[in-house]
Every structure is written in structure tokens, then in C-alpha cells.
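Taken together, the values in this text are just the output of simple stated rules run on the coordinates, not laboratory data. In this text the structure is predicted, and so the values were computed from the model without any measurement. Quick reminder, even Gly has a Cβ in these numbers, built from the backbone with ideal geometry, and neighbours come from all protein chains shown.
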Amino acid sequence: RLAFLAQDAGVRIVLCTQAQRDRLPPPAAPLCIEALDGDAPDFVAPHADGDTVAYVMYTSGSTGQPKGIEIRHRSILRLVIDADYVELAGQSMLHAAPLGFDASTLEVWGPLLNAGRYVLHDEPLPTPTGLSRTIREGDVTVAWLTAALFNAVVDDDPQHLSGLRQLLIGGEALSVPHVRRALQALPDTVITNGYGPTECTTFTTTHRIARDLPADARSVPIGRPIGDTQAYVLSPTMRPLPAGLVGELFVGGPGLARGYLNREALTAERFLPNPFGGAGERLYRTGDLVRFLDDGVIEFVGR
């Protein structure tokens, strides 16, 4: 996998430790942390604007060859500047996600571009007790957890998350029983469900979960689009569907990736001209089945 990623992305320099040096594929040149001695090598920043690619993040490749997703600078700004789904100004955010997972985009740039700070979690695989320690010692106020990790923490003790003012969860459908336990145990924490493919830069829609979650609730909605994002529920003929009918979710706005690196055919297949927008605007077809509820909130149905 390392060899493929380095070749596909045209990597020339890899930042690594001395122990990792021998694992690196050619022709990437290793830049070992231990050898820097506090002196960074000469670096000339390239010209960049909002449409310049900020990073390439690869999918797992579990269904085939990993795909490199080209995320632009303006897509990151759309996620963290004037955010309407989370309070970022002056907050301390937990940074526990691997850099290869797009949650790290929010964890790093959310606080740094909003006069806040991020608190680096020191476990390779986060544990409930370890997260509790980092939250407490780092005075963490905002955290983003995958649904699986959230479930594990709640199963152990939801009080591990006490002290958080805001908790975002996502990555897959939420467990209603686990959400209920967290709501009961964390009365001072705002809990939000977040949904978004990597191709749309971390979050597409979010839903602030009400404390009076209905007794008959079977799922947690994925909510409404965040700022500068459009969400459409379309039929196979690309027609908008009314509330209650299941269709495929299409996403528009500056959060969309530029495309897939070195995969022009796949880019054309998944990033389509936006029939509801202006010239040059595109929609990303998620492959996810959803429906609008009567109040305009989107409910995830399946894939």
C-alpha cells in the first residue's frame, strides 16, 4: 500500500522516524525527524489559491484499488470558517484521528483557524480511559469520535467524555441506545451527528441531537447541510423527490473534492454537472440512499 500511494501521488519526500526509514518505498526520499536537529530544510512555498489541492487522502481500498481524493484549500475553509454546526472560536479540540482519516482535517484546522488549539492524543489506538485522561488534562472542549469508538466509550463509561462542551459523532449510522445513555450521562454536552464522504471534506450534513429523543426513535437523522453546501435527494432520472420518498443523495458546493487523482473516468462518473446550479458547478453522487423528513431533515436509509 505504501508503495502504491507513493507512486500514485508522486511523493518526493516522506517525513518519518529512523525506525520507519527502511519501510519506505523508492523513489521517495526519507526526511528523518531525528536527523533534523531543529533545523528545517530550505523550503519555498508554491503558489496556491482556493482551488489548489491542499491534500490527497486515500480511501481504504477495501473494494478495489485505493482512490486518491484531491481536496482543495477552499474546501477546508468551507468546513471550518464561520461554521454553523459547531462552535470553534477559542475552543480546545481533541486530535485523535489518524492523518489519513479526514476527521483530522476538522481536528487540526478547526481550532488553528479559529484562535483555538488542538490537544494531541497520545495513544495509537484510543481507549476510553486514555481519552478521558486527555480530555481532563488537556481541558478539551470539543471532540469528534467515530460511531464505533463512541459506542466503545459509552459501553465502558460515558463519564469518560465529561468535560466536553461539544461532541460530534459520525462515520456510520448511530446506535440509538448508546446515544440515549450519553444524553443522560452528559447533560452539559451538545451531541451532534455528522455525515459526510471524504469526497465532500469531512461533513456534508449535521444534526444536533435533541435531549428529548423520541421514545420510539429507531435512528438518528443525519440532519441538514452545513454552510455553503447543497444536498439533493434525487430519483434515478435525477429528479428531486418529495419528503418521504427514498432516493440517492447528491451533494454540491465548494466542499466537493477536485476529483480523484489520476482517475479521470471515475471522476467524471461520480462528479456530475449540477443541473440545478450555474455553469461549471458539480454534484457528487454519494451512492447513499436517504429521504427528507417532513421537517426538512435528512434521514439515512442505506447504501
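Here are the numbers:
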{"quantity": "Shape of region 55-129, Cα gyration tensor, a/c cut at 1.5", "calculated": "oblate"}
{"quantity": "Length-normalised contact order for region 79-145 - Cα pairs under 8 Å, 6+ apart - percent", "calculated": "39 percent"}
{"quantity": "Relative contact order [Cα under 8 Å, 6+ residues apart], region 161-209, whole percent", "calculated": "37 percent"}
{"quantity": "Prolate/oblate/rounded label for the chain (Cα gyration tensor, a/c 1.5)", "calculated": "oblate"}
{"quantity": "Unit charges at the beta carbon, dipole of the chain: most positive-side option, 151, 194, 230", "calculated": "230"}
{"quantity": "For residue 144, residues with placed amide H under 5 Å, excluding near neighbours", "calculated": "94, 168"}
{"quantity": "Relative contact order [Cα under 8 Å, 6+ residues apart], the chain, whole percent", "calculated": "13 percent"}
{"quantity": "Computed magnitude of the charge dipole of the chain (debye, nearest 20; Cβ of K, R +1, Cβ of D, E -1)", "calculated": "640 debye"}
{"quantity": "Label-to-label distance, nm, for residues given as residue 237 and residue 18 (7 Å Cα→Cβ offset)", "calculated": "6.8 nm"}
{"quantity": "Candidates 68, 138, 227, ranked by Gaussian network fluctuation over the chain, Cα under 10 Å, top entry", "calculated": "138"}
{"quantity": "Dipole axis of region 1-150 (+1 Lys, Arg; -1 Asp, Glu on Cβ), positive-most option in 109, 32, 125", "calculated": "125"}
{"quantity": "Distance between modelled label sites at residue 11 and residue 295, nm, 7 Å Cα→Cβ extension", "calculated": "4.5 nm"}
